[in-house]
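Shown next, in structure tokens, is the structure this report addresses.
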Amino acid sequence: MSEVTPPQPEDPDTDNEAVPTAEQPEQAERPEPEASEAPEELLELSEPTELELITAERDEWMDRAQRIAADFENYRRRLATQRGDEIDRATGRLAEALLPVLDACEAAFLQHPAEIEPLFNLMLSELKKQGLESMNLHEQPFDPHLADAVLHEPGDGEAVVSEVLRSGYTWNGKVLRPAMVKVRG
């Protein structure tokens, strides 16, 4: 943006043709701005029109409305997530309450497999549909996140689950109850 300097009034005591000095470099003559070309500085200082004021107010209200709509959408998403988490916790608590029943069925199955197997398999399949999985850790490398080692026997190499004393279960991919195991190695 170029600066426009207003013309200086002529002093009758000075010559119209000034000679540039060393302190004052010669300036190129600039054409005078036409009356229709108003400097930008004057346009910025002018009062806003009624239309501009209304447009600015409308933009402010639109911005507020968009922010409120975004806040409401975030609230709805957060509420849906919380509701889903609460449902998962509630069903997880139900599954956790059923674990002693599963343990009793598993113990009965070991004593009388022919009589208990249909009921035990039916219960496991229905719970599996809801997200409950039994962990099969026998002869698998020992993972302390999936099992609690309650017995240890000497062995060579990496720790391996040699016997499962109580079954462990996961609920929707998370450990609901770690298995109790005997570890070798």
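Read-outs throughout are calculated quantities, based only on the coordinates presented, and are distinct from any laboratory measurement. What you are looking at is a predicted structure, and each value in this text was computed from that prediction instead of being measured. Every residue, glycine as well, gets a Cβ built from its backbone with ideal geometry; the counts of neighbours run over all protein chains shown.
Tabulated data for the structure shown
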{"read-out": "Distance in nm between pseudo-label sites at Asn172 and Leu51 (7 Å out along the Cβ direction from Cα)", "value": "5.7"}
{"read-out": "Per-peptide average of other Cβ atoms within 10 Å, ordering 165-173, 138-146 highest first", "value": "165-173, 138-146"}
{"read-out": "Cα Rg, Dmax (largest Cα-Cα span) when computed across the stretch 133-185, Å", "value": "10.6, 35"}
{"read-out": "Highest to lowest packing among 105-111, 131-137, scored as the average C-beta count within 10 Å", "value": "131-137, 105-111"}
{"read-out": "Modelled FRET efficiency - R0 45 Å, Ala107 with Thr81, Cβ distances, 0.05 increments", "value": "0.70"}
{"read-out": "Gyration tensor verdict on the stretch 90-185 (Cα atoms; rounded if a/c is under 1.5, prolate if a/b is larger than b/c, oblate otherwise)", "value": "oblate"}
{"read-out": "Extension gain (nm, one decimal) between Asp59 and Val160, 0.36 nm per residue minus Cα-Cα", "value": "29.6 nm"}
